[in-house]
Amino acid sequence: MTIEQNEEISVAIVDDHQQMREMIRSVLQQLGFKVIISAPDGKTLIEQLNSAEKLPNVCLLDYNMPKMKGYQVAGLIRRQFPEIKIAALTANLETESLVKMVKNGATSYLIKSGDPLEWKEAIISLVNRGHFVSEWMASSLLEYIRLQ
C-alpha cells in the first residue's frame, strides 16, 4: 500500500499524559494526518481498536506508561492487529527501550522533542515501506549490536 498524500493516513496516539496527547494530535493534524484514536494507555487502546469501524494505519506509542509499557502494547498490536504499523513516540532515549520496542513490533522509534517534520517523514515511510530509521535509532542499534 503506497500513500502519496499524508491526509489519507490515519493515526492512533497512546500517551498517558492528556496534554501531551493533545499536543501530538494538534501537530499531526497540522501536518495533515487524521488522528482517529487517542488513548491514555494500552488497555484503552486495545478496547478502542476492537470497536473501531476503521483501524489506523499507524500507532504512535509512548514507552513509559502505567499498567503496560509501550513495548508490551506493541506486542499486543502486532499479534492482534498486524496491519497497523507501530512506532514509539517517546522521550525515552534508552537503547534497551528501543530494542524492546523493536523486538515487539515497532519499526520506528521517534523522540518527542524531535522535529515534527521527521515525524511526518516517519509516518509516511511506515505506511509506504513498513519502517523508518532515524539517525539516532540507527546509531543506537549499531552501538547495541557492537556491545553484544
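The values are calculated or read from the model by the stated rules, or taken from the named source; none is laboratory data. Predicted model only: the values in this text are computed from it and were never measured. For neighbour counting, all protein chains shown are included, and Cβ atoms are generated from backbone atoms with ideal geometry for every residue, glycine included.
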Notebook entry, point to check: Within segment 117-140, is there a residue that is within 26 Å of Q18 (Cα to Cα), acidic (D, E) and free of Cβ contacts under 8 Å to residues at least 40 places away in the same chain?
Noted result: yes
Next item on the list: Being modelled with pLDDT of 95 or more, under 21 Å from D41 (Cα atoms) and acidic (D, E) narrows it down to one of E118, E83, so name that one.
Entry: E83
Margin query: Please go through segment 115-148 and give me each residue that is under 16 Å from G70 (Cβ atoms) and over 12 Å from the mean Cα position of the chain (by Cα), ordered by number.
Written below: M137, S140
Next item on the list: Go through segment 9-21 residue by residue and tally those that are in a helix (DSSP H, G or I) and loosely packed, with under 14 Cβ neighbours inside 10 Å.
Entry: 2
Notebook entry, point to check: Within segment 43-69, can you find the residues that are farther than 16 Å from P82 by Cα, buried (at least 18 other Cβ atoms within 10 Å of the Cβ) and not charged (D, E, K, R)?
Noted result: Y63, M65, M68
